[in-house]
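See structure below.
The values are calculated or read from the model by the stated rules, or taken from the named source; none is laboratory data. Just so it is clear, the model here is predicted, and its values are computed rather than measured. Using ideal geometry, Cβ is built from the backbone for each residue, glycine included, and neighbour counts are taken over all protein chains shown.
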Amino acid sequence: MDMVINAAEVENILANARGKSDSELDGILDRAEALKGLSPEDVAALLMMESPRHIERMFKVAGKIKEEIYGVRVVMFAPLYVSDYCVNKCHYCGYSCDNKFVRRRLTMDEIRAEAEILERMGHKRLALEAGEDSVNCPIDYILDAIKTIYAMKAGSGEIRRVNVNIAATTPENYKKLHDVGIGTYILFQETYHEPAYARLHERGPKKDFSYHLTAFDRAMRSGIDDVGGGVLFGLYDWRFEVLGLMLHNRHLDETYGAGFHTISMPRLCPAEGMDMSAYEVLSDSDFKRVVATIRIAVPYTGMIISTRESPEMRKELIKLGISQISGGSSVEVGGYSIRESGGEQFVLADSRPAIDVLRWLMDEQFVPSFCTACYRKGRTGDRFMSLAKSGNIKNVCLPNALMTLCEYMMDYGDESFKVQADELIDKNIPKIANTKMRDLTKDNIGRIKNGERDLFV
């Protein structure tokens, strides 16, 4: 297969994008605002522009697109780390095989306990995370973990979608992941710049740039419809990385009828064994440009921000394009059980309990959503993108968000939470444009308040 990303092509597109006139930049932003799609050359022009006026307009266009496509809903999830064994030596990662610490892999009983805690927090969607080690963390272990999570029920709680973030693997293993019912397969390229990639990945299977880069092709040919990409911003020039993401997305869209279902937006932060002085940390202002550019370039792709970012930054980024966030997260193996027992937790920029994150979102007039309907109704891959690009996805997204918020408030909310959530639900029901869907939502919310659960469209 031809290389998905050609570094010389990326550099050439960026170089040619310098010095665009005001009228050219206005034209690009006009097309973006009209949801007409942007070429890689258009994206490069947005990345290279320096005019404060155009950057400010780009932020406004990104916010308008976010509101147009996603409205006020914000999808909630939590990570679940099951193993920190890893055979790769990656210079930026705390799991690097040269780091000396006591590694662990959760037993199925421990995974069940972690899932129960997350279910009691109200989560319905998890991202299962693990290092790469075919001996200590083989694919069969991951499959058993997924089955264990899906089988776990705690009171009214249940995990309805397990997304998986594990190392690039074989078509046979992707077929197994598909058959066990994963949601989205997530893999970060880390950096699209091959020389930087080679320097940062010193040893282990992950050192193979091409094998890592073509993982989504193997996954999608093996039946996995939804894939989620990302880079670790700070490993290389952010302009190069954004354009690399867009070219990769174009390749998947042209080849399989669907590009990235989600793009994750992690920024480099300190980890065990790494030297932060060796990297150029992405500034807040540049990070906001990254989020706005990606939102404009791929309007229908979910964008994810984690608790690595502060509440203040998360608030700004949601308005610029982020559509999914984590809440109440732990990023260590067994971390939820450790936290419940009073042990130390990895320090995050946003360490608020999940319910406090929900209150905060509602204070900002966002609707927290625990929806997993598209995954379970078969609206995945090209079917999801077709619905999204037609504009019809909003006819199911807001109703499902309101129903899942109602379910959450009935099962987990105190009286003040219920009052706040009820007011937000009542305020947003009239925004459902389709009369039939609006009436169905009202009826389903009444049924949920009377004890029914898991109603969705």
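Taking the stretch 247-276 as the region of interest, how many residues are closer than 19 Å to residue 237 by Cβ and among the basic types (Lys, Arg)? Of the residues in the stretch 247-276, 1 are closer than 19 Å to residue 237 by Cβ and among the basic types (Lys, Arg).
Somewhere in the stretch 95-112, is a residue more than 30 Å from residue 354 (Cα to Cα), exposed (fewer than 13 other Cβ atoms within 10 Å of the Cβ) and among the polar types (S, T, N, Q)? No; the residues of the stretch 95-112 include none that is more than 30 Å from residue 354 (Cα to Cα), exposed (fewer than 13 other Cβ atoms within 10 Å of the Cβ) and among the polar types (S, T, N, Q).
Total residues in the stretch 400-451 satisfying the condition of being at pLDDT 95 or above, in contact with a Lys or Arg (Cβ under 8 Å, 6 or more places away or on another chain) and farther than 19 Å from residue 354 by Cβ: the figure is 2. Here the stretch 238-273 is the region considered, the condition is being assigned to a loop (DSSP other than H, G, I, E, B) and surrounded by fewer than 20 Cβ atoms within 10 Å (Cβ to Cβ), and the residue that is farthest from the chain's Cα centre (by Cα) is 273. Applying the criterion of being of a type outside the set (Ser, Thr, Tyr) and either in a strand (DSSP E or B) or under 24 Å from the mean Cα position of the chain (by Cα) (or both) to the residues of the stretch 139-150, the residue that is surrounded by the most Cβ atoms within 10 Å (Cβ to Cβ) is 145. Can you spot a residue in the stretch 244-259 that is in contact (Cβ under 8 Å) with a residue 40 or more places away in the chain, farther than 21 Å from residue 36 by Cβ and hydroxyl-bearing (Ser, Thr, Tyr)? Among the residues of the stretch 244-259, at least one is in contact (Cβ under 8 Å) with a residue 40 or more places away in the chain, farther than 21 Å from residue 36 by Cβ and hydroxyl-bearing (Ser, Thr, Tyr), which makes the answer yes. Only one entry in 73, 105 is among the charged types (D, E, K, R), touching a residue at least 60 places away in the same chain (Cβ under 8 Å), in contact with a strand residue (DSSP E or B) (Cβ under 6 Å, 6 or more places away or on another chain) and within 27 Å of residue 361 (Cα to Cα), namely 73.
Can you go through 81, 70 and tell me which one is over 30 Å from residue 116 (Cβ atoms) and hydroxyl-bearing (Ser, Thr, Tyr)? Don't jump to the end; show me each part of the working.
Numbers: 81 fails: over 30 Å from residue 116 (Cβ atoms).
When all the criteria are applied, what remains is 70.
Flag set for residue 69, criterion: at pLDDT below 95, in a helix (DSSP H, G or I) and either touching an Asp or Glu at 6+ places or on another chain (Cβ under 9 Å) or of a type in the set (Val, Ile, Thr) (or both). Looking across the stretch 170-205, the residues that are over 21 Å from residue 263 (Cα atoms), in a strand (DSSP E or B) and of a type in the set (D, E, K, R) come down to 202, 203. Against the numbered list (1) small (Gly, Ala, Ser); (2) within 24 Å of residue 365 (Cβ to Cβ); (3) not in a helix (DSSP H, G or I), residue 19 comes up short only at (2). Against the condition under 27 Å from residue 123 (Cα atoms), surrounded by 16 or more Cβ atoms within 10 Å (Cβ to Cβ) and in contact with a helix residue (DSSP H, G or I) (Cβ under 6 Å, 6 or more places away or on another chain), how does residue 335 come out, does it pass? Judged against the criteria, residue 335 is not a match.
Filtering the stretch 298-315 to residues that are of a type in the set (D, E, K, R) and either surrounded by fewer than 21 Cβ atoms within 10 Å (Cβ to Cβ) or part of a helix (DSSP H, G or I) (or both) leaves 308, 312, 314, 315.
Within the stretch 282-297, being over 28 Å from residue 354 (Cβ atoms) and either assigned to a loop (DSSP other than H, G, I, E, B) or in contact (Cβ under 8 Å) with a residue 12 or more places away in the chain (or both) holds for 283, 286, 289, 293, 296, 297.
One line per residue, one yes/no per condition, for (1) modelled with pLDDT of 95 or more; (2) touching a strand residue (DSSP E or B) at 6+ places or on another chain (Cβ under 6 Å); (3) not aliphatic (A, V, I, L, M):
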| site | (1), (2), (3) |
| --- | --- |
| 216 | yes, yes, yes |
| 226 | yes, no, yes |
| 230 | yes, yes, yes |
| 233 | yes, yes, yes |
| 239 | yes, no, yes |
| 242 | yes, no, no |
| 246 | yes, no, no |
| 252 | yes, no, no |
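Of the numbered criteria (1) modelled with pLDDT under 95; (2) within 23 Å of residue 323 (Cβ to Cβ); (3) not β-branched (Val, Ile, Thr), the one residue 273 fails is (2).
How many residues does the stretch 153-169 hold that are part of a loop (DSSP other than H, G, I, E, B) and crowded, with 19+ Cβ neighbours inside 10 Å?
6
Checking the condition outside any helix (DSSP H, G or I), surrounded by 19 or more Cβ atoms within 10 Å (Cβ to Cβ) and either out of contact with any strand residue (DSSP E or B) (no Cβ under 8 Å at 6 or more places or on another chain) or of a type in the set (Gly, Ala, Ser) (or both), which residue from 78, 62, 45, 32 passes? Can you show your working first?
Numbers: 62 fails: outside any helix (DSSP H, G or I); 45 fails: outside any helix (DSSP H, G or I); 32 fails: outside any helix (DSSP H, G or I).
Within the list 78, 62, 45, 32, the selection yields 78.
If you take the residues in the stretch 346-397 that are among the small types (Gly, Ala, Ser) and within 30 Å of residue 94 (Cα to Cα), which one is modelled with the highest pLDDT? Give the steps one after another, and end with the answer.
Kept after step one, since they are among the small types (Gly, Ala, Ser), are these residues of the stretch 346-397: 349, 351, 354, 369, 373, 378, 381, 386, 388, 390-391.
Cutting the leftovers down to within 30 Å of residue 94 (Cα to Cα) gives us 349, 351, 354.
Working: 349: 77, 351: 81, 354: 92.
Looking at residues that are among the small types (Gly, Ala, Ser) and within 30 Å of residue 94 (Cα to Cα), I get 354.
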